[in-house]
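Structure first, then comments.
The values are calculated or read from the model by the stated rules, or taken from the named source; none is laboratory data. These numbers were taken from a predicted model, which means no experiment stands behind them. A quick note on method: Cβ atoms are made from the backbone with ideal geometry, for glycine too, and the neighbour counts reach across all protein chains shown.
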Amino acid sequence: MSEFFRRKTIRWDYVCWNFAQCLGCIVYANFMLSRFLPAFFANFGQASHQMNLTQLVNAIFSLMLPGTMCLVLAFFLILHAVQNAFAEILCFGDRLFYKVSS
């Protein structure tokens, strides 16, 4: 049975930096969602508000960039910041998360 390479010490500054990146991603996603979503969905579901095709297409294309940015932030948050922080806490030495095996 093989064993993984383990680090001897935990670099707490690196752990704090990764959790700060997590916090930054959450704050930025919150800013983007609170800035762009309410303008289009403030009257959603009210009987007096009927959305025509032009407004629907405008809403879709206006929300594509914030939605894509939130998706990229979510991938960075989960696949980079959180995994690296917990790998450092658990003293996991092999950090080749992005290496494609050949």
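Miscellaneous remarks
- Considering residues of the range 71-88 that are of a type in the set (Val, Ile, Thr) and surrounded by fewer than 16 Cβ atoms within 10 Å (Cβ to Cβ) only, the residue modelled with the lowest pLDDT: Ile78
- Some residue of the range 8-15 being outside any loop (DSSP other than H, G, I, E, B), of a type in the set (D, E, K, R) and closer than 30 Å to Phe92 by Cβ: yes
- Filtered by the rule that a residue be more than 23 Å from Leu90 (Cα to Cα), free of Cβ contacts under 8 Å to residues at least 24 places away in the same chain, among the aromatic types (Phe, Trp, Tyr) and in a helix (DSSP H, G or I), the range 16-52 gives Phe31, Phe40, Phe41.
- If you filter the range 7-33 down to residues that are more than 25 Å from Ala74 (Cβ to Cβ) and touching an Asp or Glu at 6+ places or on another chain (Cβ under 9 Å), you find that the one that is surrounded by the most Cβ atoms within 10 Å (Cβ to Cβ) is Arg7.
- Among the residues making up the range 53-72, those that are more than 15 Å from the chain's Cα centre (by Cα) and free of Cβ contacts under 8 Å to residues at least 24 places away in the same chain are Leu53, Thr54, Gln55, Leu56, Val57, Asn58, Ala59, Ile60, Phe61, Met64.
- Every condition in (1) of a type outside the set (A, V, I, L, M); (2) modelled with pLDDT of 90 or more; (3) surrounded by 15 or more Cβ atoms within 10 Å (Cβ to Cβ) is met by Phe36 except one, and the failing one is (2).
- Entry remark, the range 39-58: residues being out of contact with any His (no Cβ under 9 Å at 6 or more places or on another chain), among the polar types (S, T, N, Q) and surrounded by 10 or more Cβ atoms within 10 Å (Cβ to Cβ) number 2 in total.
- Condition met for Met64 (at negative phi, touching a Pro at 6+ places or on another chain (Cβ under 8 Å) and assigned to a helix (DSSP H, G or I)): no
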